[in-house]
Amino acid sequence: MEVYKTEIEGCFIIEPKVFEDKRGYFFESYNQEKFEVLTGAKPFFVQDNESFSSKGVLRGLHFQKGEHAQAKLVRVLDGEVLDVAVDIRPESKTFGQVVSTLLSSNNKKQMFIPRGCAHGFVTLSDTAKFSYKCDNFYNAASEGGIIYNDPTFNIDWILASEDLIISEKDKFLPVFKEAVPH
């Protein structure tokens, strides 16, 4: 497993070592011991989530506030997405920084997103199956979000805006300055 630091403190891209032959492939998708040594992070994952989306579906930018904040280890089981994290921790030296990376069933990369970051993704393939490991339970009352097209970040979602499929709820999320105290 190779681990790469990103522009966000505590956020990592993880690339597994894949063993392939004529039968298929095998890789270790998670190993707590190796993860802790390579990242310094010590999450205790308590909930796994999975979503299925068609091309153009944009989910995000979402986060959990306060004691219900979640660190996530995300990967794509089938298809390809552009995955995005935004540091919303006012005390962080990387506050307001954005990281985006392509995650796919082909590259098998993962992204570890620490607590205190907003997260979102857009499906680039015809469909995508997305997996999340979370270190805290979901709490509806602690849910927060930032509008996907916030001009503060100018995120390039790769697809044209008219090709994005966004939930009614996500269309009306606040901008960064309103969603996160500075």
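For this structure, a couple of remarks:
- Ranked Ile165, Ile146, criterion: other C-beta atoms within 10 Å, fewest first: Ile165, Ile146
- Taking 0.36 nm per residue of sequence separation and removing the Cα-Cα distance, the Lys171/Asn139 pair yields an extension gain of 9.4 nm.
- Those lysines that a straight Cα-Cα span of less than 21 Å connects to Lys55, excepting residues fewer than 8 apart in one chain: Lys108, Lys109, Lys129, Lys169, Lys171
- Computed over the chain, the per-residue total of -39500 (n - 2.57) for DSSP H runs of n ≥ 4 gives a 222 nm mean residue ellipticity of -2000 deg cm²/dmol, rounded to 500.
- Inter-label distance, nm, simple model (7 Å from Cα along the C-beta direction), Leu77/Phe26: 2.1
- Each Lys and Arg Cβ is given +1 and each Asp and Glu Cβ -1; about its Cα centre, the stretch 2-179 then shows a dipole of about 260 debye.
- When Rg and Dmax of the Cα atoms in Å is calculated for this entry, the matching label among [x] 15.8, 51; [y] 16.0, 47; [z] 15.9, 54 is [z].
- Least to most buried among Thr127, Thr39 (fewest other Cβ within 10 Å first): Thr127, Thr39
- FRET efficiency, Phe45 to Asp163 (Cβ-Cβ, R0 22 Å, nearest 0.05): 0.10
- Here is the list for the stretch 75-182: GluC sites (Glu not before Pro) lying in DSSP coil, each with at most 14 other C-beta atoms within 10 angstrom of its C-beta, are Glu91.
- Farthest towards the positive end of the charge dipole of the chain, among the residues Ser125, Ser53, Tyr25, is the Cα of Tyr25, using unit charges on the Cβ of Lys, Arg, Asp and Glu.
- Sequence of Leu82, Leu173 once ranked by neighbouring C-beta atoms within 10 Å, starting from the fewest: Leu82, Leu173
- Dimensionless Rg/Rh of the stretch 98-158 - Kirkwood Rh, Rg from C-alpha atoms: 0.95
Every number here is computed from the coordinates shown, using simple stated rules; none is lab data. Given the structure is predicted, the values throughout are model-derived calculations rather than measurements. Cβ coordinates were reconstructed from backbone atoms using ideal geometry, including for glycine residues, and neighbour counts include every protein chain displayed.
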